[in-house]
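Just so you know, all these numbers are worked out from the coordinates, no wet-lab data involved. In this text, all values refer to a predicted model and were calculated from it rather than measured experimentally. In this analysis, Cβ positions are derived from the backbone assuming ideal geometry, glycine residues included, and neighbour counts consider all displayed protein chains.
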Amino acid sequence: MINEKDLTEIVERVIEELEKEESREAVDQAVKREAKSNNDEIVDITDVDLKKQFLVDNPENREAFLKLKESTSARLGVGRAGPRYKTETLLRFRADHAAAMDAVFTDVSDQLIDDMNLFKVKTLCRDKDEYLKRPDLGKKFSDETLAEISNKCEKNPQVQIYAADGLSSTAVEANLKDIFPAIKQGLEGYNIKIGTPFFVQYGRVASMEPIAKCLNAKVCCVLIGERPGLATAESLSCYMAYDAEIGMPESKRNVISNIHADGTPAVEAGAHIADVIKAMLEQKTSGLDLDI
Amino acid sequence: METIISAGIDIGTSTTQIVFSNITLENIASDYTVPQINIIDKEIIYKSDIYITPLLSEDEIDSVGLRGIIEKEYSKADISKSEVSTGAVIITGETARKKNAELISKEMSDLAGDFVVASAGPDLEAIIAAKGAGVDQLSKKENALVINFDIGGGTTNIAVFDSGEIIDTACFDLGGRLIKIDDNKKIHHVSEKLKKLAESLNVELEQGREIAVHELEVLADKMADILTEILFAEVKSDDYIYLITNHDLKKKYNPDYISFSGGVADYIGNQSHQDNYDKYNDLGIILGEKITESPLYKENNIFNAEETIRATVVGAGSHTTNISGSTITYTSDILPLKNIPAVKIDENEINSEAEFKTAVKQKMNWYNLEDGHQAAALALKGKKNYSFAEITSLAEMIIEAEEEIVESDFPLIVILEHDAAKVLGQTLNRILDHKKSIVSLDGIKINDGDYIDIGKPLAGGKVLPVIIKTLIFDN
């Protein structure tokens, strides 16, 4: 039998060991942190995949929660510091908000436009501020611009495809290089002729109407940056219409939206868009009347 | 929304059953995104009577008798063969080892509908029964490890699900009908393995001898012991190893729940039943009672299976059909394709183009039979967000690696897990100048060595039904 004194000693020794253990861990972590900040740049917090991040302390069932998180981009399982967000959550929220702002206010680079052999035109908007305040100007072009489009593009194409910055230049940068060749390949596979592609700065969806008229395109298709949100700033949409008219109702247009890395992949969306355009040409209609 | 009829036919050691299910497909995506057709509902619309499987002799199935049962049930259900879009005929348990099993299953699948697949094999049976019992859903919902024991007449099929995914299967030659007695308690038939097992238990199993209840209890007790070993024994006994049908579980599991299906399950944990032990002239009822007394039952959380004796047939009818992704590419006049073996390549373990080609060629060669080629499907995990350049080089790599298939009359079949099949298919078509029949599918998880059937298009051509068979006729 162990007497009480021995027992106390043993317990004390164990506690001592445990304390050592804990402090050793803490030192290890501090050393690692220090090493990291010395060697590397500051870690980009937006690199963390939110769906895999789980900040609740002492969770009942971490795996089950992470499984739920797989199905949503909502910021679940962020834990809390008292009644507030943890620092990491707050910083990430602000970083994502900043990315959304940047997506709106930056321009699509000339590099991308050159790489893809596009030429660039502008709507009637003079700058981004005017673009945001005057939606009506984002769907109109000057006569000179229309003449330029008319001069540089093939007339009467079966399909006219062009890109526009819309509300996210980031989305165009992230997806255009992958989606455009996929649409082109799909359409060529169906023996459908595509017109000359170009890029519209300060463009809204309805900019397709004067363009379709100007070039006499059967189907007009614009790849345009979506209003960015906190989940992604890279989401692209593809709006399409058959025989687009100026002032046409929205119900005559089709859209494939949510094209980004965590949504529909750009290449797969492009392959599908080719099918939608094919259906428009076959059925000679678009929007709600289109059966797809 | 589109509803199709699926048939399930289970030809087991003791019983034969048929069910019909309505499977409802719907595009669950909004009009503003690419389509996403899902199976949104499965509903059993007809359950047949439970028939004793007709046999000509102990090792031959009576095909005329079976045909009669199927025709009668189709007419009772008022469903014609042409209305059935999908489903499975599965020959299970000991019946799968009868000498005419393979032939019968093909015959019955023709009788049941154009795209009703024929299949057998203990691994697939275990998975189908567990799904019919609702184990996959429980495991998914509770993020739990669940083991189903489907205890039939001739075999016990075990399936292990973790978080909704099948992770292991095993099969044992244990069941309620390994011994049959007649109305005078005289032994009518005993399986070879049970005979051998009985020797060490000092129970004589000579045909024609009258057998006492306590002797049946000794046998059932032994069987329950062996089933208990599956979860509790550190070292397996010789008898245990002797009774393995094809393979054991890969390791010892610690399940959150276990469940029982199959005919014997009706007598497990069911103390209130009023049936005499000899109601079915076999060991089933006593075996069920002995399992109830065993640690296997007592020391585990028990999930009450949604189906017991009908688990396999319900699984075959409702849970065998998968739906491909909704953006895919295929040459429609070559469908349906049946019994296509899958060659799975893990691209994450491949470092170079040359390595990829070698790996594909090597595995494809397994299916090059003496009389030429067999159409094998190339299965890849794929990745979430390919660039167009990556898709192009993947297509080029596939074409080079599969040059023999490209030059043959067989279609080029590629199956991906991640959503990229439509663009990959269009790229393959472009490079091959639209001259080759291809099927490029995604949204389907398949393992190396699985067989698949690919049916005719559904939902206006957006999706293809796919049935994955874990093994056909494990010889």
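Here are the numbers for this structure:
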| read-out | value |
| --- | --- |
| Peptide A:257-270, shielding by other chains (average Cβ, 10 Å cutoff) | 6 |
| Counting DSSP beta bridges with both ends in chain B, the antiparallel % (nearest 5) | 65 |
| Helical contribution to [θ] at 222 nm, DSSP H n ≥ 4, -39,500 (n - 2.57), averaged over chain B, rounded to 500 | -9000 deg cm²/dmol |
| Rounded to 5, the percent of DSSP beta bridges in the protein assembly as shown classed as antiparallel | 60 |
| Segment B:324-469, relative contact order in percent, only Cα pairs under 8 angstrom and at least six apart counted | 38 |
| Within segment B:399-422: backbone nitrogen closer than 13 Å to the B:LYS381 label point (7 Å, Cα to C-beta) | B:417-418 |
| Hits among aspartates and glutamates - C-alpha to C-alpha of B:LYS469 under 12 Å, sequence gap 8 or more where chains match | B:ASP123, B:GLU125, B:ASP448, B:ASP450, B:ASP453 |
| Around B:LEU103: net Lys/Arg minus Asp/Glu count, Cβ-Cβ under 14 Å | -1 |
| Dipole of segment B:335-443, positive end: most advanced residue of B:ALA401, B:GLN362, B:ALA389 [Cβ charges, Cα centre] | B:ALA389 |
| Karplus-derived HN-Hα couplings along segment B:79-89 (A = 6.51, B = -1.76, C = 1.60, θ = phi - 60°), whole Hz, x at Gly and Pro | 10, 9, 3, 6, 7, 8, 8, 7, x, 8, 9 |
| Ascending count of other beta-carbon atoms within 10 Å, so fewest first, for B:TYR297, B:TYR32 | B:TYR32, B:TYR297 |
| Helix-derived mean residue ellipticity, 222 nm - over chain A, DSSP H n ≥ 4, -39500 (n - 2.57), to 500 | -14500 deg cm²/dmol |
| Estimated dipole of segment B:169-243 in Debye, rounded to 20 [Cβ of Lys and Arg +1, of Asp and Glu -1, Cα centre] | 260 |
| Calculated from backbone phi, Karplus (6.51, -1.76, 1.60) coupling profile of segment B:206-222 in Hz, x at Gly/Pro | 6, 4, x, 7, 6, 10, 8, 4, 5, 5, 4, 5, 4, 5, 5, 4, 4 |
| FRET efficiency for A:ARG227 and B:ALA354, using Cβ-Cβ distance with R0 set to 30 Å, rounded to 0.05 | 0.05 |
| C-alpha center-to-center spacing [segment B:91-105, segment A:218-243] in angstrom | 56 |
| Estimated FRET transfer efficiency when R0 is 45 angstrom, pair B:LYS106-B:SER30 (beta carbons, to 0.05) | 0.55 |
| 4 °C / 1.567 mPa s Stokes-Einstein diffusion coefficient of segment B:125-308, Kirkwood radius on C-alpha pairs, µm²/s | 79 |
| Pairs beyond 20 Å (Cα-Cα), from A:LYS152/A:LYS252; A:LYS193/A:LYS213; B:LYS252/B:LYS344; B:LYS180/B:LYS279; A:LYS284/B:LYS456 | A:LYS152/A:LYS252; B:LYS252/B:LYS344; A:LYS284/B:LYS456 |
| Listed peptides B:232-242, A:212-222 by packing density, highest first (mean Cβ within 10 Å) | A:212-222, B:232-242 |
| Peptides A:76-85, A:236-245 ordered by average Cβ neighbours within 10 Å, highest first | A:236-245, A:76-85 |
| Relative contact order (%) - criterion: Cα under 8 Å, at least six apart; region: chain B | 16 |
| Between segment B:16-65 and segment B:178-197, the Cα center-to-center distance that results, in Å | 34 |
| Most fluctuating residue given options A:ILE194, A:ILE259, A:ILE224, as computed from a GNM of chain A linking Cα atoms under 10 Å | A:ILE194 |
| Peptides ranked, highest mean first, by Cβ atoms within 10 Å: ranges A:115-124, B:141-150 | B:141-150, A:115-124 |
| Relative contact order (%) - segment A:109-289, alpha-carbon pairs under 8 angstrom, separation at least six | 25 |
| Angle in degrees between helix A:266-283 and the longest Cα principal axis of chain A, rounded to the nearest 10 | 30 |
| Low-density loop positions, GluC sites (Glu not before Pro), segment B:1-94 - DSSP coil, at most 12 other Cβ in 10 Å | B:GLU58 |
| Shielding by other protein chains, B:105-114, mean Cβ within 10 Å | 0 |
| Segment B:236-251-segment A:128-187 distance, computed between alpha-carbon centres (Å) | 67 |
| Extension reserve of the A:ALA98-A:LEU112 stretch, reckoned as 0.36 nm per residue once the Cα distance is removed | 2.8 nm |
| Furthest towards positive pole of dipole, A:MET101, B:HIS319, B:ILE61, structure part the protein assembly as shown, Cβ charges | A:MET101 |
| Karplus-derived HN-Hα couplings along segment B:190-200 (A = 6.51, B = -1.76, C = 1.60, θ = phi - 60°), whole Hz, x at Gly and Pro | 9, 6, 4, 5, 5, 4, 5, 4, 5, 4, 6 |
| Rg ratio (alpha-carbon, reference 2.2 N^0.38 Å) - chain A | 1.44 |
| Extension gain, B:LYS252 back to B:GLU204 (0.36 nm per residue minus Cα-Cα distance, nm) | 13.9 nm |
| All aspartates and glutamates inside 19 Å of B:LYS72 as judged from Cα atoms, apart from same-chain residues fewer than 8 positions distant | B:ASP10, B:ASP49, B:ASP62, B:GLU83, B:GLU107, B:ASP110, B:ASP114 |
| Test item: B:381-389 mean partner chain Cβ contacts at 10 Å | 5 |
